1. May I ask you to derive the relative contact order of the chain, considering only C-alpha pairs under 8 Å and at least 6 residues apart, and to give it as an integer percent?
2. Quick one: grab the alpha carbon gyration tensor of segment 160-283, order the square roots of its eigenvalues as a ≥ b ≥ c, and give me rounded if a/c is under 1.5, else prolate or oblate depending on whether a/b is larger than b/c.
3. Compute the relative contact order of segment 183-297 as a whole-number percentage, counting only Cα pairs closer than 8 Å that sit 6 or more residues apart in sequence.
4. Once amide H atoms are placed 1.01 Å from N in the peptide plane, what residues at a sequence separation of 5 or more from LEU250, or on another chain, have their amide H within under 5 Å of its amide H?
5. Which value, to two decimals, describes the C-alpha radius of gyration of segment 360-475 once divided by 2.2 N^0.38 Å?
6. By count of other Cβ within 10 Å, fewest leading, how are CYS387, CYS207, CYS108 ordered?
7. Subtract the Cα-Cα distance of ARG166 and ASP363 from 0.36 nm times their separation in residues, and report this length gain in nm to one decimal.
8. Which ³J(HN,Hα) values, rounded to whole Hz and listed in residue order, are derived for segment 369-382 from phi using the Karplus coefficients 6.51, -1.76 and 1.60 in 6.51 cos²θ - 1.76 cosθ + 1.60 with θ = phi - 60°, glycine and proline given as x?
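Coordinate-derived values only; no laboratory data. This is a predicted model, so every value here is computed, not measured. With ideal geometry, Cβ positions are generated from the backbone for all residues, glycine too; neighbour counts draw on all protein chains shown.
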Amino acid sequence: MEQSKLTTLGTQDSRLLFERSKRGKEAAMLPERAFPKEDLAANIPAKLLRKSEVDFPELSEPELVRYFVNLSKKNFSVDTHFYPLGSCTMKYNPKIHEDVAALSGFACVSPLQPEEEVQGVLRIFDDLAEALKQLTGMDAFTLQPAAGAHGELLGMMLARAYHASRGEKRRNVVLVPDSSHGTNPASAAQYGYEVVQVPSDERGRVCLAALEKLVSDRVACLMLTNPNTLGLFETDILKIRDLAHAKGALLYYDGANLNALLGTVRPGDMGFDIVHLNVHKTFTTPHGGGGPGAGPVGVVKALEPFLPKPVVRRNGTRYHLDYDRPNSIGKIRSFFGNTGILIRAYVYIRMLGLEGLRQASHDAVLAANYLRKKLSSAYLNPHNEYCMHEFVLSARDLAAEHHVHAHDIGKRLLDYGFHAPTVHFPLVVKEALMIEPTETESKETLDAFADAMLKILKEIEETPDLVRKAPHTMPIRRPNEVEAARKPILSSRDLKRDQSHNWSAHQP
Ligand SMILES: *Cc1c(COP(=O)(O)O)cnc(C)c1O
């Protein structure tokens, strides 16, 4: 730790951008005046014209570059650190995906261009939808939703449209397991459904007896993720399907967890009617910090007429956009979706092929089980059995005995150079530490992570304060996480304005 302090000497200038500003310095040379003053006055309403000069920071180019490069190095990313954030599938993003998405034929087209000028993009949409159909066993796909939760919302709309078309307007309940991802009940509630929880059994799976009691002709759909958020495969999935379908309820698949199953098991074959995929998880795309993403939704034939419009249709070798869809729910997003993200997913699928995707999934499961085996004798694992792409440990006993919590362990991992796992989720495990290594990590990295986890366990027993007060090497220690999400400080000016901030107190 002493050493790391020494090596950052000289870059430890903690002044903010505005505080470094010195009048007259500049990093860019602007023309005297780009537009004649008269032009501005003639074309822009007077009340919109600036009366005084803008308060921009004034720095030289090297100072500016150093400021931002040093700032960027304070963060954790998949390109800099192992990032075992459960449920988020933070796998390595091959750089060729970025190169392809940046090709001018993709990056510079406008969604307002006529169909004949964007045949290549339309073809990729069509091919990608076809690949997703094959990988999931669904009959049709829309690529429009911009994220997983957005796909869920669309799924809720499709379920209502489907039931309404059959004259079943009383179905206003959505069932979700108590282990479900928070977005599932949120999406259902957002669209006006009553959300009812299905309890898990002691094996961490949906309790069939409870489900049987809860499913009725009031239920619009049952939302599941399989493997579930404990990383366990719902082995009774066909019984669950039969229970739901017998009462006319649809089965919704949260496909954010598809990374365990590619090329091996398909949601369509498990009996699901609606599926959303997080292509920014399973099929790569850098997705820390909230986006952008894409959440394509697949459905069985009976729901196809309700999919958003337009849909891409192929006619021989030409592609066109079909808006003539009288039963469509309409649009869920402007234009056609997050094209750049869809292109990355397409490249990933084409680079690996079915065999490669299957191998990736098998390796993801192997990596998770390797870490599970290494850690589950030291840490409590309430569901210690063969897992899929992730597993969940519990710091319950450590909290009771040493007053060290799951998030303390996560914070301490930062000192060891690892991003924290997901903590305190899923809610069915007290003090949860949810670990998803993904397939792209080497055995050496997995071993180093396991070693750090075991060292931290020793610290908890010997010097618990070291863990309780971690991190000790980060530029910010423990920001208020609720405030950070609700009232983010996005610029140094906000930081200056925010009198209550505790910035300097966090400096190591
Ligand atoms: C990430 C995730 C979601 C939500 O996806 P977003 O793209 O973040 O909206 C839903 N369900 C599960 C299981 C997830 O891991």
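1. In percent, rounded to a whole number, it is 17.
2. Values: a/c = 1.56, a/b = 1.32, b/c = 1.18.
Judged from the Cα gyration tensor, segment 160-283 comes out prolate (a/c at least 1.5, a/b above b/c).
3. Working: 150 pairs, mean separation 21.9, N = 115.
Relative contact order comes out at 19 percent.
4. When sequence neighbours closer than 5 places are left aside, the close amide H contacts are CYS221, LEU222.
5. Working: Rg = 13.5 Å, N = 116, 2.2 N^0.38 = 13.4 Å.
For segment 360-475, the normalised Cα radius of gyration is 1.01.
6. CYS108, CYS207, CYS387
7. 66.5 nm
8. So the J values, rounded to whole Hz, are 6, 4, 5, 4, 4, 5, 9, 6, 8, 8, 9, 5, 10, x.
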